[in-house]
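A.B. asks: Quick one: this structure, given as structure tokens, is what I'll be asking you about.
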Amino acid sequence: MNTRTAPVLPAFAASLLPVLAPLLGGLAALLAVLGVLAGHFDTTTLSPWVHTISDYAAADRGGPVETGIFLAGLGALPLIPALWRLSKTAACLAGAWVAGLIVTAIVPTDPLGHVTMSTAGYVHRYASTVAFAALVIAAVILARRLRSVLYAVLSGLSILGGLWVTWATYCGGRVLIGLGERVLAFAMLTLLIVLAGRIARAHLRAVPAFA
């Protein structure tokens, strides 16, 4: 056995962990996108323009949409350590996204047709509101810190989507709330995937050569 190589193996494996963790987070976010999209083809009674993602999840408990929501939250978890070094505020906001979306996935909204909102419905609504608001603010912080045009565009889209969803929920009679929510979700999940790739590349450059 090469005595020079043996001690390098544990160090090399340990140095790959910071690369693999964000990649797993990015993969979870990508699977979340695919899961939510797949769930939209399972029903023809709902419209993505006027019904929320949560409506689709409530119509098929435990299905791909609900699983996608859970993965969207879980995907940000491996990114938090790297975000902490960049901005403690952004890292805490990412933690709020994780907690909020996991609660959103576990506690369903009320199915369509309910006249009054249940306690579970309120928990679901406010957990999702906290999650998306937190990541929107984190996106703005990252856009300013990293001076990235892409992050600026994604944060801008998320703000527009978030404002539309807020207006439609509380003032606009849910007009095109589905469209606004999907713009918001697209911007947030794309941000997570792009951020995961950036963090993985940064760590990969620090991995020692295997020799």
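A.B. asks: On a 1.4 Å probe surface of the protein chains, which of Ser155, Ser118 comes out largest in accessible area, and what is the full order? Let's see the in-between values first.
C.D. replies: Values: Ser155 10, Ser118 45 Å².
In descending accessible area the options line up as Ser118, Ser155.
A.B. asks: With charges only on Cβ, +1 for K and R and -1 for D and E, what is the dipole size of the range 51-191 about its Cα centre, in debye, rounded to 20?
C.D. replies: Dipole size: approximately 620 debye.
A.B. asks: Beta carbons within 10 angstrom, averaged per residue: use that to sort the peptides 67-75, 22-30, 43-51, 194-202, highest first.
C.D. replies: Highest mean packing first, the order is 67-75, 22-30, 194-202, 43-51.
A.B. asks: Once the other residues with Cβ under 9 Å from the Cβ of Tyr56 are scored (Lys, Arg +1; Asp, Glu -1), what is the net sum?
C.D. replies: Working: positive: none; negative: Asp42, Asp55, Asp60, Glu66.
Around Tyr56, the charge tally is -4.
A.B. asks: At q = 0.14, 0.17, 0.18 Å⁻¹, what base-10 log of I(q)/I(0) does the Debye formula yield for the range 11-86 when every alpha carbon is treated as an equal point scatterer in vacuo?
C.D. replies: Here the Debye-derived log intensity ratios amount to -0.54, -0.68, -0.72.
A.B. asks: What is the local net charge at Thr43, summed over the other residues whose Cβ is closer than 14 Å to its Cβ (Lys, Arg +1; Asp, Glu -1)?
C.D. replies: So the surrounding residues net to -3.
A.B. asks: Between rounded, prolate and oblate, where does the chain land on the alpha carbon gyration tensor, with a ≥ b ≥ c its root eigenvalues, rounded for a/c under 1.5, else prolate if a/b exceeds b/c?
C.D. replies: prolate
A.B. asks: Restricting everything to alpha-carbon atoms, can you work out Rg to Rh for the range 56-106 with a Kirkwood hydrodynamic radius?
C.D. replies: Taking Rg over the Kirkwood Rh, I get 1.11.
A.B. asks: Take each uninterrupted DSSP H stretch in the chain, measure its Cα extent along the helix axis, and return the ones at 20 Å or beyond whose mean Kyte-Doolittle hydropathy is at least 1.6.
C.D. replies: 8-40, 88-106
A.B. asks: Here is a follow-up. Counting other Cβ atoms within 10 Å, keep those with at most 12, restrict to DSSP loop, and tell me which trypsin sites (Lys or Arg not before Pro) in the range 59-145 are left.
C.D. replies: Arg61
A.B. asks: Can you give the local net charge around Arg174? Use residues other than it whose beta-carbon is closer than 15 angstrom to its beta-carbon, Lys and Arg +1, Asp and Glu -1.
C.D. replies: Taking every Cβ under 15 Å from that of Arg174, the sum is -1.
The values are calculated or read from the model by the stated rules, or taken from the named source; none is laboratory data. Keep in mind it's a predicted model, so treat the numbers as computed, not measured. Methodologically, a virtual Cβ is constructed for each residue, glycine included, from the backbone with ideal geometry; neighbour enumeration extends over all protein chains shown. Side chains are part of the model used for accessible areas, which takes the heavy atoms of the whole protein and leaves out ligands, DNA and RNA. Shrake-Rupley method; radii C 1.70, N 1.55, O 1.52, S 1.80 Å.
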